[in-house]
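**Q** Here it is: the structure, laid out below.
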Amino acid sequence: MGAGALLSACGGGSSPSNPGADTPAEPAADTYDGPSVELEFWNGFTGGDGPFMKQLVDQFNAEHDAVTVRMTVMEWADYYSRLPAAVTSGRGPDVGIMHVDSLSTNAARNVIMPLDDVATALELDSSDFADAVWSAGEYKGQRFGIPLDVHPLGFYYNKTVLEEAGLDPEAPPMDRSSYEDALEALKSAGISGHWMSPHAFTGSMTLQSLIWQFGGSLFNDDGTEVLWDQDPAIEALTWMVDAINDGYSPTDVGQDADAIALQNGQAAFNWNGIWHMNNLNEVPDLEWGVAPLPNIGGAPAAWAGSHNFVMTTQRSPDDNKLDAARVFINWVSRQSLAWAEGGQVPARTSVRESAEFAELTDQATFAEQVDYLRFPPAVPGIGDAFEDFDQALNEAVLLTKEPADALRSAAERAAKKLEENRNRFGE
């Protein structure tokens, strides 16, 4: 999932300088011919995608005699809290993975270094990436992330439950009218069709997607204004709350209970991330399907996150390690089909449009949304504002506040945080 909720855990403090950051890289992207080096590679792949990354690292090490990559895996919350301190003390990794919504904060803190020279050396440009994910890796006109994947929200459905309610298990509802008709049919069959989560994961992702579908935005383009107190957001959150009031969803849905309900046959629908397919594949005899998010608001849109390669700021940069890191990033990026098998959509268009990727039918279904995926603006500390957004979701879906009141008070608090962060980061 995206790391917006984790940004506040990164902490402040002084940042090291970045000597040599403006030195152009030599375009040596395919092979490394220097002395033997060991690269530290940190990430938070503790879930089902972890073994796939380990296999890639092991394969890279087997194919490169002079480069050894040592991978350290930790929970994402620990990763984002430990990384700034490690870099400041000179013990940071050479290469890391970072969610796209964390790049600007860590760039502003000088935790990660600009990668325009790396992109040039690897001959990477926007022509081989979806516009949204390529642009999301930039901050103040510089590139700080090399996209590895996108992981969007999608629409899971339980075929057995649909059939029990007299609905076509091979034709899930894909617009507002048919979706609401299906929920009514499920209700008549004694089934709560879509459990509305009041939690950031995955309720916040659902609400964000709906706001964009209803024609709204979370922020203005440069991230200086909060816009989720406007009519499209109110309409989106009201739709979620109405599902509870109309009996289509139970009240007070627990964390992950929406996903578990789909697995257990208690719900028909679940909006969840692409990573969730790994969990469903492990449930014996579960008949499930996946589709792009239904278009409830009128405009196709879906929340998405993205894992990006980053290189951390070093007190004393080692040119050999920098060259080896470029080779490693380039090599893994080219293996993104293998990474997709772990439950991701490749960031590279050339891989995403390949016949081999099309054979990964579930992942390819998620990829159908790539042209209308949305990411937050590249603003340092943007995750602080999302804390208030998530609180508004929680209050409304738990029926303790009306949607409009919850969103407006949250927007006021978030606007103050955005202003404080502009002063804090010198924006």
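Since every read-out is calculated from the coordinates, none of them should be taken as a lab result. From a predicted model like this one, the values you see are computed outputs, not experimental measurements. Note that each Cβ is placed from the backbone with ideal geometry, even for glycine, and that neighbours are counted across all protein chains shown.
**Q** Run the reach check for Lys159 against lysines, Cα to Cα strictly under 17 Å, same-chain hits fewer than 8 apart removed. What comes back?
**A** Partners found: Lys187.
**Q** Please say if the range 24-172 is rounded, prolate or oblate, where rounded means a/c under 1.5 for a ≥ b ≥ c the square roots of the C-alpha gyration tensor eigenvalues, and otherwise the choice is prolate for a/b larger than b/c and oblate otherwise?
**A** prolate
**Q** To continue, here is another question. For the range 164-238, which GluC sites (Glu not before Pro) are in a loop by DSSP, counting at most 11 other Cβ atoms within 10 Å?
**A** Details: sites: Glu164, Glu170, Glu180, Glu184, Glu225, Glu235; in loops: Glu170, Glu225.
Passing both the DSSP loop test and the Cβ count: Glu170.
**Q** How fast does the range 250-309 diffuse by Stokes-Einstein, in µm²/s, taking the Kirkwood radius from C-alpha pairs at 37 °C and 0.692 mPa s?
**A** 243
**Q** Which one of Trp42, Thr361, Phe52 is farthest out on the positive end of the charge dipole of the chain, using unit charges on Cβ (Lys, Arg +1; Asp, Glu -1) and the Cα centre as origin?
**A** Trp42
**Q** Find the eigenvalues of the gyration tensor of the Cα atoms of the range 70-116, then list the square roots of 5 times those eigenvalues as equivalent ellipsoid semi-axes, largest first, in whole angstrom. Write down the numbers at each step before the final one.
**A** Details: eigenvalues 49, 33, 25 Å².
Those come to 16, 13, 11 Å.
**Q** Need the list of aspartates and glutamates near Lys140 for cross-linking: C-alpha distance under 14 angstrom, and skip anything on the same chain fewer than eight residues off.
**A** Those aspartates and glutamates meeting the cut-off are Asp116, Asp221, Asp222, Glu427.
**Q** Right, here's the next one. Describe numerically, in nm with one decimal, the distance between label points set 7 Å from Cα along Cα→Cβ at Met74 and at Asp58.
**A** Placing both labels 7 Å along Cα→Cβ, they lie 2.4 nm apart.
**Q** Can I ask one more? Just need the relative contact order of the range 127-258 here, percent rounded to a whole number, with Cα pairs under 8 Å and 6+ apart.
**A** 22
**Q** Next up: Under a cut-off of 21 Å between alpha-carbon atoms, report the lysines in cross-link reach of Lys54, not counting same-chain residues fewer than 8 places apart.
**A** Correct list for Lys54: Lys321.
**Q** To the nearest 20 debye, what charge dipole does the chain have about its Cα centre, counting +1 at the Cβ of each Lys and Arg and -1 at the Cβ of each Asp and Glu?
**A** With Lys and Arg at +1 and Asp and Glu at -1, about 1160 debye.
**Q** Something else now. Nearest 20 debye, what's the magnitude of the dipole of the range 108-149 about its Cα centre given +1 on Lys and Arg Cβ and -1 on Asp and Glu Cβ?
**A** Using Cβ point charges on Lys, Arg, Asp and Glu, the range 108-149 gives about 320 debye.
**Q** For Asp65, Asp256, what's the fewest-to-most ordering of other Cβ within 10 Å of each Cβ? Intermediate results must be reported in sequence, preceding the final value.
**A** Values: Asp65 9, Asp256 15.
Fewest-to-most Cβ neighbours within 10 Å comes out as Asp65, Asp256.
**Q** Semi-axes of the equivalent ellipsoid for the range 210-336, please: Cα gyration tensor eigenvalues, times 5, square-rooted, ordered largest first, whole Å.
**A** 37, 25, 13
**Q** Can you sort Ser188, Ser217, Ser336 by how many other beta carbons sit within 10 Å, fewest first?
**A** Ser188, Ser217, Ser336
**Q** Oh, and also: With a ≥ b ≥ c the root eigenvalues of the C-alpha gyration tensor of the range 219-291, is it rounded (a/c under 1.5), prolate (a/b larger than b/c) or oblate?
**A** Since a/c reaches 1.5 but b/c is at least a/b, the shape of the range 219-291 is classed as oblate.
**Q** If I take R0 = 51 Å and measure r between the Cβ atoms of Glu359 and Leu227 in this structure, what FRET efficiency does the formula 1/(1 + (r/R0)^6) give, to the nearest 0.05?
**A** 0.80
**Q** Now for a separate question. Over the Cα atoms of the range 337-427, how large are the radius of gyration and the largest Cα-Cα distance (Dmax), in Å?
**A** That works out to 19.1, 50 Å for Rg and Dmax.
**Q** Would you kindly state the longest site-free stretch of the chain, with sites defined as trypsin sites (Lys or Arg not before Pro) in a DSSP loop (not H, G, I, E, B) surrounded by at most 15 other Cβ atoms within 10 Å?
**A** Longest stretch, sites excluded: 141-314.
**Q** Once the Cα gyration tensor of the chain is found, what semi-axes does its equivalent ellipsoid get, as square roots of 5 times the eigenvalues, in whole Å, sorted largest first?
**A** 38, 26, 17
**Q** Along the positive direction of the dipole of the range 69-180 (beta-carbon charges: Lys, Arg +1; Asp, Glu -1; about the Cα centre), which of Leu153, Thr120, Ala132 reaches farthest?
**A** Towards the positive end, the residue furthest out is Thr120.
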